[in-house]
Amino acid sequence: MSKIKIAELFYSIQGEGRYMGVPSVFLRTFGCNFKCAGFGMLRGESSTEVEAIAQRITEFKTYNELPLVSTGCDSYASWDPRFKDLSPMLTTDAIAERIMEILPYKRWEDEHLVITGGEPLLGWQRAYPDLLNHLSMTGLKEITFETNGTQKLDSKFKEYLTDWAFGSDEREITFSVSAKLSCSGEARHEAIKPEVVCEYQEVGTTYLKFVIATEEDAEEALETLDIYRAEGFTGHCYLMPVGGVESVYTLNNRRVAEFAMKMGLRYSDRLQVPLFKNEWGT
């Protein structure tokens, strides 16, 4: 039986991208290869909010007690090793049982499974088949992997996903790729991997989602999309506003929507921010 280190496991509605508004189970795994400390900061600067929280780490007994941040990565506790003890290592049986507990009808109906992070394709690919093969997961029809688009699919996992999706006309796999632009603070040569994203297309519906705030960010998104297109990417592209808290989100959302219209791209809201204030477990 496999185990997965879980930062969060909760039921909510999908707030972003293709399935926005769909009731969903979110499985947030622990671990990421990026920090994204540049979000919400001036170019070249990095957020220090998490450093201040880490200095008070003994005050927090559960994940949900952690403060939200207005800059940097809004899911910082899902990858920062200083918070790893708040994320338990659970068996796939325990995860499946918990999912059944939080689903409204204690079985899969129209709900969607979102495997997110952190970076969900970083270290847990070999464990997912055990979870998806669990008897409780039989009725599941739609899975989205929310990924940064830098992690290749393990050959065995790729084969498994292909068989899972094509084994039923009702099943579908989606890769929601939040590729990191320079405003994230991540190095471009490490963040932009079009050959990896194009491989995802062989398995399921794949789209790009760029988090931006300024016109400079929007122009970089358009230039980066051209790089993906040149490699063979054929999916849609969304622009989404920076802002893990409402005060920052409301400064950006209309402007980003206008950039999307101007450039002929799709706009993605972040419904979890205005609806639930982006609290943990939403």
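Throughout, read-outs are computed from the coordinates displayed, never taken from laboratory work. Note that the coordinates shown come from a computational prediction; the quantities given were computed from them, not determined experimentally. Don't worry about glycine lacking a Cβ; one is built from the backbone with ideal geometry, like all the others, and counts go over all protein chains shown.
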## Note on the structure
Charge dipole of the stretch 3-276 built from unit charges on the beta carbon (Lys, Arg +1; Asp, Glu -1), centred at mean Cα; most positive-end Cα among PRO23, HIS134, ILE192 is HIS134
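What FRET efficiency comes out for the pair ARG254/SER46, r = Cβ-Cβ distance, R0 = 25 Å, nearest 0.05? Walk me through the numbers on the way to the answer.
Working: r = 27 Å, r/R0 = 1.07.
After rounding to 0.05, the efficiency reads 0.40.
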### Message
Which entries of LYS61/LYS141; LYS141/LYS209; LYS84/LYS158 have Cα-Cα distances beyond 31 Å here?
### Response
LYS61/LYS141
### Message
Please check: in the Gaussian network model of the chain (C-alpha springs, under 10 Å), which one of SER70, SER168, SER78 has the largest mean-square fluctuation.
### Response
SER168
### Query
So, in nm, how far is label GLU109 from label GLU223 when the simple model puts each one 7 Å beyond its Cα toward the Cβ?
4.9
### Query
How far, in nm, would the chain grow between ASP85 and GLU170 when pulled straight, counting 0.36 nm per residue and subtracting the alpha carbon separation?
26.8 nm
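What is the sum of charges around TYR160, taking Lys and Arg as +1, Asp and Glu as -1, for the other residues whose C-beta is under 10 Å from the C-beta of TYR160?
Details: positive: ARG126, LYS156, LYS158; negative: ASP154, GLU159, ASP163.
Summing Lys and Arg as +1 and Asp and Glu as -1 gives 0.
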### Query
Shape of the stretch 1-91 from its Cα gyration tensor (a ≥ b ≥ c, root eigenvalues): rounded if a/c is under 1.5, otherwise prolate when a/b > b/c, or oblate?
oblate
### Message
Looking at the chain as a GNM with Cα springs under 10 Å, which of GLY38, GLY235, GLY118 has the largest mean-square fluctuation?
### Response
GLY235
### Query
Taking the Cβ of LYS277 as the center, what net charge do the other residues with Cβ under 12 Å away carry, scoring Lys and Arg +1 and Asp and Glu -1?
-2
### Query
With +1 on each Lys and Arg Cβ and -1 on each Asp and Glu Cβ, how big is the dipole of the stretch 3-276 about its Cα centre, in debye rounded to the nearest 20?
340
## Note on the structure
Compactness check, the stretch 186-251: C-alpha Rg relative to the 2.2 N^0.38 Å globular estimate gives 1.22
### Task
Kindly state, to the nearest 0.05, the FRET efficiency for GLU216 paired with ASN133, given R0 = 35 Å and r defined as their beta-carbon distance.
0.15
### Message
Among SER46, SER155, SER184, which one shows the highest mean-square fluctuation when the chain is modelled as a Gaussian network with alpha-carbon springs under 10 Å?
### Response
SER155
## Note on the structure
Checking rank on 240-246, 215-221, with mean other Cβ inside 10 Å and highest first, the result is 240-246, 215-221
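From the Cα gyration tensor of the stretch 3-276, with a ≥ b ≥ c the square roots of its eigenvalues, which class applies: rounded if a/c is under 1.5, or else prolate if a/b is larger than b/c, or else oblate?
Values: a/c = 1.57, a/b = 1.15, b/c = 1.37.
Because a/c hits 1.5 or more and a/b fails to exceed b/c, the stretch 3-276 counts as oblate.
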### Query
Among residues other than ILE99 whose Cβ falls under 12 Å from its Cβ, what is the net charge (Lys/Arg +1, Asp/Glu -1)?
-1
### Contact order relative to length of the chain, as percent, for alpha carbon pairs under 8 angstrom and 6 or more apart
21
#### Entry: Cysteines without a disulfide-compatible neighbour (Cβ-Cβ under 4.7 Å), the chain
CYS32, CYS183, CYS198, CYS237
### Calculated [θ] (222 nm, deg cm²/dmol) that DSSP helices of n ≥ 4 give over the chain, each run adding -39,500 (n - 2.57)
-8500 deg cm²/dmol
